[in-house]
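Asker: My questions all concern the structure below.
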Amino acid sequence: MIERAWLAEPRELAVTLRRDWSGDGVPPVELQPDPSLLGKGRLLSPFDYGRESGYCFFRGRFYFVLDPEDYPWLDPEATPVSVAGPFSGWEQTVFTDRWRLQRREIEGRPLLVLEMEVDGAFVESRPPFKFVTRKHEWLLLPEHAANRQHDRFGNENLYIDPERTGRHRFGFPLDRPLDLSEDNVLVLRRDEGREAVPVWPGECFFATASSRPLGACVEEGHTRFRVFAPRARELKLISFRNLDEADSTGAESMTRAEDGVWELEKKGNLHGWYYWILADGPKNLFSAFDPDCRIVDPYARATVSARGPGIVVDPSRLKRPASCFRPPRREDLVIAEVHVRDLVAHAPGAMTEDQRMGFAGLRKWVKAKSFYLKQLGVNAVELQPVQEFDNETRADYHWGYMTVNYFAIESSYGLKPEKGSSLSEFRALVEAFHEAGMAVLLDVVYNHVGQPAHLMMLDKLYYLEVHDDGELSNWSGVGNDLRADAAMAKRLILDSLRWLVETFDVDGFRFDLAELIGIDVLREIETELERVKPGLVLIAEPWSFRGHIADRLRETSYSYWNDGYREFVLAYVKGDVPGDDLRHYLKGSPEHWARYPGQTVNYTQSHDDHAWIDRVTENPDGNGMEPTENDIARTHLMAAILFSSLGVPMIAAGQDFLHSKQGVANTYQRGDLNALDYGRLRHYRRTHDYFREWIRFRLSRWGDLIRLSEHPPDSYWSFSGVEDNNALAVVVNADGSRGSGRILLAFNPHTFEVAVPVPGGEEGPAWRKAADRDRFSASGLPDSRGGELHGGLVVLGPVQCGVWLAEV
């Protein structure tokens, strides 16, 4: 009958039953192993249940209840919230005030409620419901709501349970705080027998924190090891000078302090030593303690491999960056997403096999005069993850999105993993990119962890999102979702990001599945990193399987990956969607999403899913290895749209020479398909050159009209189209607010010739043609091949585009 028992406060135990208690007084429960802790129980307020379940009964009335504290981004005055269900027509509820929640102060806290008379038939029908804003945003269900259910379409809703009216939740005071290292169990004794459930530590547990330095801290004359493990009952340290001593070295007991930090001091500066942690603790649904499991310290600055051991690093022995590189302004960025091994695997030049596996070889390639990305002209690289990830062997290829340590740089990318050489080699690589004029952004994964899940072995409940049944949350799609808002998990995120900036002078981060990190933690990251390195570039992948937060990023300095842009441009170049919709994306996605142009990262290919050429190809098997002429033409048309759109353009490395993954979607462990074939660059030089010239144009004085730091007025644009096709033409800076220059852009996605009126009419300025689908020259093209201006019309050939320039 007990559904859940948890600590509502450090000295308050709360209990939820599966149905109303029908007996006298309170249920006869006992706390084990120490029954004397439990005081006299009482019935809890129905609104405590309402905040968790979305409804409650109180004094003969029925209430729908929403706690605004669970949705700190929500302004219910500006964006009203309603309850929706079959009784209100579901989403139709937003069109009426009948089901709108009202703000009320109840028992000293503000709640959003809808008060109703108790309707027995309504309650007994167990109707499903959830909450929705006037903007049609469906709110996430409360985390611990027991009244969840899936409908036949797979949608998860809340439902009204007539057997839970408020007499099923009780509170019991505790004489002193529970020892969380014990297997605390609540037992209900009834005539039918005994029922027991583990005691969940409660939300107050996740505020447990320490401000002391963590990890292997080298101090004068000694090295102090500190690890945060708040529910462990024992922690031990295994430390040794040489790797061949790993199995013969005994474990030393560490000492626990009240802040949950375990500590052991050893004499001497142990720089270069190796170490593991052993942890033991309670054995219940919320734990994964194993006293024999070797754990890599979350604060280890280097590690031999994903399984360890960690390596002691004395920061004073690290060479710090000689100067601080300043990344381009957000609106000036042109980004290439790259993978370390993909770039260097087939790079020209003499390298050893070991060098081609990581940072040392890539550094040589970056410093070469012929370095591909330098020739292309991008000014920033976004490196796929380089924090330690869970490849089994050094030779294994991996995208890196299964992080096992947030401080350590990926050991397999170093020439000598056993010596922690990745630290110095990665720092040298970042310096080489900076010397080449490129900012370095790191793709970081703070939404879930890889295997082995070292954090889970230190404290499964504290560090990871765990359901009431002990199962791990899986909104990331790969399991092991990180509990990013727990105090010390958040500190781990902030400390490791600061370490990466201060130690390697990286210039920004792209946060994988940032919706799971949460807007509050993202804001704290923003504040902290702005102090460390002003102008740092922050980018969010704004979704997860749980939801999308691009709208909540508007008031931050984060840019976001614009998946709407990606899907639209693919459909547009195939002629499948209206040209009118293209206006939104050319203007920098201003409605609803991007508060300023640099907030949208415009892209059409990333590491995920198929390569661009495999998506756009006419080949029936979706394999773009041998693209058709139309495939190439549509790629050029895409490039023209991408580099003329307001926002931050990003390409995937190799996209400019039609890199194909042979139609395979998920290539996260397929180095053979992902590695760049530079012979293809030579074969498709025309496409590479077209991308390069567009980038050069975007970064030129003409590109100033596109690289805007704020959204211009509507008068800045003058659009024209025709009703019977999807072609579009636009004059940029039509109102002259940005000086005398004008740019005329025109796009035809169809396989037939089109004519579109010149925006502004025939009496416009003297236009000079600078580009078509295959050529680009800002000084002017020698002929009108592919498209021309004639009689007040822009005439474009099949799958064509054009750029004309004018000074007024």
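Asker: When only residues in segment 462-504 that are charged (D, E, K, R), open to solvent by 10 Å² or more (accessible area, probe 1.4 Å) and assigned to a loop (DSSP other than H, G, I, E, B) count, which is modelled with the lowest pLDDT?
Answerer: D468
Asker: Something else now. Across segment 589-604, what is the total count of residues that are closer than 19 Å to W543 by Cα and at pLDDT 95 or above?
Answerer: 7
Asker: Does S248 qualify as being hydroxyl-bearing (S, T, Y), outside any strand (DSSP E or B), modelled with pLDDT of 95 or more and open to solvent by 20 Å² or more (accessible area, probe 1.4 Å)?
Answerer: It is false that S248 is hydroxyl-bearing (S, T, Y), outside any strand (DSSP E or B), modelled with pLDDT of 95 or more and open to solvent by 20 Å² or more (accessible area, probe 1.4 Å).
Asker: Sort out which residues of segment 776-797 are of a type outside the set (D, E), without any contact (Cβ under 8 Å) to a residue 60 or more places away in the chain and not in a strand (DSSP E or B), and write them in order of number.
Answerer: S779, G780, L781, P782, S784, R785, G786, G791, G792, G797, listed by residue number.
Asker: If you go through segment 700-711 one residue at a time, do you hit one that is within 26 Å of the chain's Cα centre (by Cα) and more than 20 Å from L745 (Cα to Cα)?
Answerer: yes
Asker: Would you mention how many residues in segment 50-59 are crowded, with 23+ Cβ neighbours inside 10 Å and in a loop (DSSP other than H, G, I, E, B)?
Answerer: So the answer is 1.
Asker: Inside segment 535-560, can you point out the residues that are in contact with a Ser or Thr (Cβ under 8 Å, 6 or more places away or on another chain), closer than 20 Å to P649 by Cβ and touching a residue at least 60 places away in the same chain (Cβ under 8 Å)?
Answerer: V537, I539, S559
Asker: Also, I was wondering about something else. Where in segment 664-759 are there strands (runs of 3 or more DSSP E), lying fully within it, with 2 or more residues that are touching a Pro at 6+ places or on another chain (Cβ under 6 Å)?
Answerer: So the answer is 717-721, 728-732.
Asker: Right, here's the next one. Would you say S239 is small (G, A, S), farther than 26 Å from N184 by Cβ, over 32 Å from the mean Cα position of the chain (by Cα) and not in a loop (DSSP other than H, G, I, E, B)?
Answerer: yes
Asker: Here is a further query. Surrounded by 14 or more Cβ atoms within 10 Å (Cβ to Cβ), in contact with a helix residue (DSSP H, G or I) (Cβ under 6 Å, 6 or more places away or on another chain) and within 23 Å of P162 (Cβ to Cβ), is that true of A14?
Answerer: No: the conditions fail for A14.
Asker: Identify, by number, the condition in (1) under 17 Å from S645 (Cα atoms); (2) open to solvent by 30 Å² or more (accessible area, probe 1.4 Å); (3) touching a residue at least 12 places away in the same chain (Cβ under 8 Å) that I743 doesn't meet.
Answerer: For I743, the exception is condition (2).
Asker: Give me the residue from segment 168-200 that is modelled with pLDDT under 90 and of a type outside the set (D, E) and, out of that set, least open to solvent (accessible area, probe 1.4 Å).
Answerer: Result: G193.
Asker: Going by what's in this entry, would F47 be described as closer than 30 Å to R100 by Cβ, touching a Phe, Trp or Tyr at 6+ places or on another chain (Cβ under 8 Å), part of a strand (DSSP E or B) and open to solvent by less than 30 Å² (accessible area, probe 1.4 Å)?
Answerer: No: the conditions fail for F47.
Asker: Quick check on segment 301-321: of everything there that is of a type in the set (D, E, K, R) and open to solvent by less than 60 Å² (accessible area, probe 1.4 Å), which residue is modelled with the highest pLDDT?
Answerer: The extreme case among them is R301.
Asker: Among what's in segment 354-404 and is touching a helix residue (DSSP H, G or I) at 6+ places or on another chain (Cβ under 6 Å), over 21 Å from P309 (Cβ atoms) and of a type in the set (G, A, S), pick the residue that is least open to solvent (accessible area, probe 1.4 Å).
Answerer: Out of the qualifying residues, it is G361.
Asker: For segment 60-75, which residues satisfy the criterion of being outside any helix (DSSP H, G or I) and at pLDDT 90 or above?
Answerer: Once the filter is applied, which keeps residues that are outside any helix (DSSP H, G or I) and at pLDDT 90 or above, segment 60-75 yields R61, F62, Y63, F64, V65, L66, D67.
Asker: Sticking with this structure for a sec: Could you check how many residues of segment 619-638 are out of contact with any Ser or Thr (no Cβ under 8 Å at 6 or more places or on another chain) and open to solvent by less than 10 Å² (accessible area, probe 1.4 Å)?
Answerer: Adding up the residues that qualify gives 2.
Asker: Just the residues that are part of a loop (DSSP other than H, G, I, E, B), among the aromatic types (F, W, Y) and either surrounded by 24 or more Cβ atoms within 10 Å (Cβ to Cβ) or touching a Phe, Trp or Tyr at 6+ places or on another chain (Cβ under 7 Å) (or both), please, taken from segment 405-436.
Answerer: F407
Asker: Filter segment 22-44 down to residues that are touching a residue at least 40 places away in the same chain (Cβ under 8 Å), open to solvent by 30 Å² or more (accessible area, probe 1.4 Å) and in a helix (DSSP H, G or I), then give me how many there are.
Answerer: Residues in segment 22-44 being touching a residue at least 40 places away in the same chain (Cβ under 8 Å), open to solvent by 30 Å² or more (accessible area, probe 1.4 Å) and in a helix (DSSP H, G or I): 1 in total.
Asker: Separate question: Inside segment 684-732, can you point out the residues that are touching a Gly at 6+ places or on another chain (Cβ under 7 Å), within 21 Å of G797 (Cα to Cα) and among the polar types (S, T, N, Q)?
Answerer: Of everything in segment 684-732, just one residue is touching a Gly at 6+ places or on another chain (Cβ under 7 Å), within 21 Å of G797 (Cα to Cα) and among the polar types (S, T, N, Q), namely N726.
Asker: Can you tell me which residue in segment 668-688 is most open to solvent (accessible area, probe 1.4 Å), limited to those that are aromatic (F, W, Y) and farther than 19 Å from R773 by Cβ?
Answerer: Among residues in segment 668-688 that are aromatic (F, W, Y) and farther than 19 Å from R773 by Cβ, the one most open to solvent (accessible area, probe 1.4 Å) is Y668.
Asker: Continuing with this model, one more query. Out of the residues in segment 97-107 that are open to solvent by 50 Å² or more (accessible area, probe 1.4 Å) and assigned to a loop (DSSP other than H, G, I, E, B), which is farthest from H592 (Cα to Cα)?
Answerer: Ranking the candidates gives E107 first.
Asker: Considering only residues that are at pLDDT 90 or above and part of a loop (DSSP other than H, G, I, E, B), look in segment 80-96 and name the one that is most open to solvent (accessible area, probe 1.4 Å).
Answerer: Applying the filter and picking the extreme gives P86.
Asker: Could you figure out which of (1) under 19 Å from K574 (Cα atoms); (2) open to solvent by 10 Å² or more (accessible area, probe 1.4 Å); (3) without any contact (Cβ under 8 Å) to a residue 60 or more places away in the chain; (4) not hydrophobic (A, V, I, L, M, F, W, C) isn't true of Q662?
Answerer: With respect to (1) under 19 Å from K574 (Cα atoms); (2) open to solvent by 10 Å² or more (accessible area, probe 1.4 Å); (3) without any contact (Cβ under 8 Å) to a residue 60 or more places away in the chain; (4) not hydrophobic (A, V, I, L, M, F, W, C), Q662 is out only on (1).
Asker: R768: of a type outside the set (A, V, I, L, M, F, W, C), over 22 Å from T628 (Cβ atoms), buried (at least 20 other Cβ atoms within 10 Å of the Cβ) and in contact (Cβ under 8 Å) with a residue 24 or more places away in the chain, yes or no?
Answerer: The answer is no for R768.
Asker: Any residue in segment 126-135 that is in contact (Cβ under 8 Å) with a residue 60 or more places away in the chain, charged (D, E, K, R) and either crowded, with 18+ Cβ neighbours inside 10 Å or touching a helix residue (DSSP H, G or I) at 6+ places or on another chain (Cβ under 7 Å) (or both)?
Answerer: yes
The values are calculated or read from the model by the stated rules, or taken from the named source; none is laboratory data. Keep in mind it's a predicted model, so treat the numbers as computed, not measured. Note: ideal-geometry Cβ built from the backbone for every residue, glycine included; neighbour counts use all protein chains shown. Just so you know, the surface numbers come from the protein's heavy atoms only, side chains and all, with ligands and any DNA or RNA stripped out. Shrake-Rupley method; radii C 1.70, N 1.55, O 1.52, S 1.80 Å.
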